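The values are calculated or read from the model by the stated rules, or taken from the named source; none is laboratory data. Note that this is a predicted model, so its numbers are computed, not measured. We place every Cβ from the backbone using ideal geometry, glycine too, and count neighbours over all the protein chains shown. The area values use the complete protein model at the heavy-atom level, side chains included, leaving out ligands, DNA and RNA. Shrake-Rupley method; radii C 1.70, N 1.55, O 1.52, S 1.80 Å.
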Amino acid sequence: MQKRFKSLVLAACVAASGLSAGAAGAQTILKASHQFPGGKGDIRDEMVQMIARDVAEANVGLEIQVFPGASLYKPNDQWNAVTRGLLAMTSFPLDYASGRHAEFSATLMPGLVGNFDRAMRLNDSEFMADIKKIIEDAGAIVISDAWLSGAFASKKGCITAPDTVKGQVIRAAGPAFEEMLAAAGASITSMPSSEIYTGMQTNVLDATNTSSASFVSYRLYEQVKCLTAPGENALWFMYEPVLMSKKVFDGLTPEQQKAILDAGEKAEAFFNAEIRKGDEELINTYKEAGVEVVEMSKSDYDAWLEVAKASAYKNFAENVPGGDKLIEKALAVE
């Protein structure tokens, strides 16, 4: 563990980092950033806000200021900021950093998770131990695990079997889904989830896949005709943990570190208790908005898996060092 930052050092770093000293050095201020709407019920925002409240209540001379809605950092810039110690904390879709660490694409691999129960079992697996070692070696630590289910939606028609995406311009979250959808005949446009609404509004996009939470909090029901809900055959799951800069964490007192970890554990428990309700809210919200809601059948799901194995899985195993072993470890989790 590194030595504690001195008050004068903290004060000097206010403008440059996510760690600063309050009046008379009595209060340490951390900055947390995420791309999701603040105060709109998005469970990722709620997790970070909960951590901030619990840390404040611990009375250990620590305050977390939360900057939602990409108001402090752009979505893709958060990984670099948190690993360098410029940002203290973020709720972050890990696959956004797959350009720096290709292994992270495994945390948004089509069909790899399947359901929430298996997602929680993955958290304690060898697969996630390998992922978390890469995260820590890069300069961050996980303080809350979070797996979000996701859906598909289109302005043109319902996305079910692979042939239903042919000719559509679709935003896919992450390279693995992009490879699978391209193999099925879709055209791909990349952008963070915070830009999907504008993309559809301006006809840059015909369709998208993203998390259930983003489908609601970004009001995408205003732009689409049909939603393919996760249902019993959830092809889309994404790992979106709460991360903390290891550099910043190591600079805190043991009492402050404990407050952070305790708050992260509580936020994770909250997430696990609430996340299943998110899919119900998704379906109800879209039906109330007049959007057609369907689910993939088992035969649709199996057909997509065949496309994924011949494209995304194959490319990951061939191009990512140790990629085949990483996928094997994930598939070994029952």
* Is it the case that the stretch 71-85 has a residue that's closer than 17 Å to Phe237 by Cα and of a type outside the set (Asp, Glu)? -> no
* To do: Would you mind telling me which numbered condition in (1) in contact with a Ser or Thr (Cβ under 9 Å, 6 or more places away or on another chain); (2) surrounded by fewer than 23 Cβ atoms within 10 Å (Cβ to Cβ); (3) more than 24 Å from Phe316 (Cβ to Cβ) Phe116 fails?
  => (3)
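Let me confirm something: among Lys247, Lys258, which residue is surrounded by 15 or more Cβ atoms within 10 Å (Cβ to Cβ), out of contact with any helix residue (DSSP H, G or I) (no Cβ under 7 Å at 6 or more places or on another chain) and farther than 23 Å from Met120 by Cβ?
Lys247
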* Asked: Which of the residues belonging to the stretch 179-213 are in contact (Cβ under 8 Å) with a residue 60 or more places away in the chain and out of contact with any Gly (no Cβ under 8 Å at 6 or more places or on another chain)?
  -> Glu179, Met180, Ala182, Ala183, Ala184, Pro192, Ser193
* Structure fact -> Within the stretch 193-204, residues over 24 Å from Leu305 (Cα atoms) and crowded, with 17+ Cβ neighbours inside 10 Å come out as Ser194, Glu195, Ile196, Tyr197, Gly199, Met200
* To do: Within the stretch 287-305, identify whether any single residue is open to solvent by less than 30 Å² (accessible area, probe 1.4 Å), at pLDDT 95 or above and more than 25 Å from Ser214 (Cα to Cα), and answer yes or no.
  => no
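Looking at Gly174, Gly150, can you tell me which residue is on the phi > 0 side of the Ramachandran plot and either polar (S, T, N, Q) or surrounded by 22 or more Cβ atoms within 10 Å (Cβ to Cβ) (or both)? Outline the logic, then answer.
On the way: Gly150 fails: on the phi > 0 side of the Ramachandran plot.
Selected residue: Gly174, the only one of Gly174, Gly150 that is on the phi > 0 side of the Ramachandran plot and either polar (S, T, N, Q) or surrounded by 22 or more Cβ atoms within 10 Å (Cβ to Cβ) (or both).
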* To do: Working only within the stretch 54-73, note down all residues that are among the charged types (D, E, K, R) and in contact (Cβ under 8 Å) with a residue 24 or more places away in the chain.
  => Asp54, Glu63
* Output the number of residues of the stretch 306-334 satisfying the condition of being open to solvent by less than 40 Å² (accessible area, probe 1.4 Å) and either of a type in the set (A, V, I, L, M) or within 23 Å of Asn233 (Cβ to Cβ) (or both). => 11
* Six or more apart or on different chains, Cβ under 6 Å: which pairs go from a residue in the stretch 293-317 that's among the hydroxyl-bearing types (Ser, Thr, Tyr) to one that's modelled with pLDDT of 95 or more and open to solvent by less than 60 Å² (accessible area, probe 1.4 Å)? Could you list them? => Ser311/Met180
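Please list, ordered by residue number, the strands (runs of 3 or more DSSP E) wholly in the stretch 72-191 having 1 or more residues that are closer than 22 Å to Pro37 by Cα, of a type in the set (D, E, K, R) and in contact with a Leu (Cβ under 8 Å, 6 or more places away or on another chain).
Working: elements: 89-91, 140-144, 147-154, 169-171.
Counting at least 1 such residues, we get 169-171.
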